[in-house]
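The values are calculated or read from the model by the stated rules, or taken from the named source; none is laboratory data. Please read all numbers here as calculations on a predicted model, not as lab measurements. Every residue, glycine among them, receives a Cβ derived from its backbone with ideal geometry; neighbour counts consider all protein chains shown. Areas reflect the complete protein model, heavy atoms only, side chains present, ligands, DNA and RNA absent. Shrake-Rupley method; radii C 1.70, N 1.55, O 1.52, S 1.80 Å.
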Amino acid sequence: MVWVLALAAVLVAYWAWGPRWRAGRRARLNQAPFPSEWRVHVRQHVPLVARLPADLQQQLRQRMQVFIAEVPFIGCQGLEVTDEMRVVVAAQACLLLLNRPQAEFVDLRQVLLYPGPFRVRGEAVDAAGLHYARNDVLSGESWVQGQVILSWPDCLEGAAVADDGINVVIHEFAHQLDQESGHANGAPPDALRQRRWSPVWSAAFEGIRRGFYDLAEGQQPLFDDYALSEPAEFFASACEVFFERGGDLQAQHPQLYAQLHTFFRTDTAAWAG
Ligand SMILES: [Zn+2]
């Protein structure tokens with residue numbers, strides 16, 4: 001009986017003080033100096049960060065400090081997780097948190113890092129609810145239970161070229177935002193409050209799939225077949241393009257760009273080229 005009361009007291013204390021304790025801890029992390037070695041890792045491996053305005057770079061560093069302090073990284077297949085790995089993943093993932101009121105991935109429990117592309121076997125369910133056997137080799141995956149799984153070399157490769165619209169870390173963390181609704185369907189819960197989110201995304205998805213958009217001279221298509229395979233992949237791929245090729249997305253699909261601009265509260269088309 002006593003232990004039941006004690007447990008109840010702990011739970012009540014956590015309920016009452018947990019958010020305040022966490023907010024205080026985050027405030028302290030935001031005040032702490034950003035380690036100089038971390039700056040070196042960002043400069044060496046994530047050139048996209050140099051394109052951000054100075055105030056967003058500062059905000060990114062604060063988000064990264066909280067992310068690295070709170071999110072457990074697990075090395076798989078013998079991979080030893082280093083600070084460099086945490087910093088490179090965090091610098092890309094936290095781009096999705098800039099300027100947003102919910103400055104965290106609410107469902108995220110762990111980041112699992114593999115020394116290379118990893119194989120996934122098992123049963124999966126497609127968008128139509130059909131079960132099928134899968135046996136895939138992947139560079140990244142995001143689970144609705146709060147795991148993001150990444151191949152470390154692919155994290156480096158995705159970061160190395162800042163303007164190709166291909167970035168596995170941004171892609172998988174975009175899925176995390178989408179999956180906050182309990183499943184991935186290309187519409188994060190807070191996005192659905194935006195005016196015209198669904199019609200704009202549906203029109204763009206169907207229009208690009210059916211080849212309705214003519215490319216102007218010199219323009220390259222921004223979405224491949226995988227991006228156009230289902231709405232969830234389209235959203236995640238559009239986030240990669242939004243952060244790395246904002247100007248091109250704005251030029252080719254201005255309404256889609258405007259929706260992402262509102263959602264992320266960031267004008268990536270204005271970032272330095
Ligand atoms: Zn995906």
Every residue from the range 40-75 that is without any contact (Cβ under 8 Å) to a residue 60 or more places away in the chain and outside any helix (DSSP H, G or I): Val71, Pro72, Phe73, Ile74, Gly75
Only listed residue being open to solvent by less than 60 Å² (accessible area, probe 1.4 Å), without any contact (Cβ under 8 Å) to a residue 40 or more places away in the chain, outside any helix (DSSP H, G or I) and small (Gly, Ala, Ser), chosen from Ala124, Ala128: Ala124
What number of residues in the range 3-33 are hydrophobic (A, V, I, L, M, F, W, C), assigned to a helix (DSSP H, G or I) and under 29 Å from Gln57 (Cα atoms)? 4
Do any residues in the range 1-30 that are modelled with pLDDT under 75 have Cβ atoms under 8 Å from those of residues that are open to solvent by 70 Å² or more (accessible area, probe 1.4 Å), where the two are at least six apart or on different chains, and which pairs are they? none
Scan the range 150-173 residue by residue and report those that are of a type in the set (Gly, Ala, Ser) and within 16 Å of the ligand (Cβ to nearest atom). Ser151, Gly158, Gly165
Determine the pairs where a residue that is touching a residue at least 12 places away in the same chain (Cβ under 8 Å) and closer than 20 Å to Leu256 by Cα, located within the range 174-187, has a partner that is open to solvent by 40 Å² or more (accessible area, probe 1.4 Å) and in a helix (DSSP H, G or I) with Cβ atoms under 6 Å apart, the partner being 6 or more residues away or on another chain. Asn185/Pro231; Gly186/Pro231
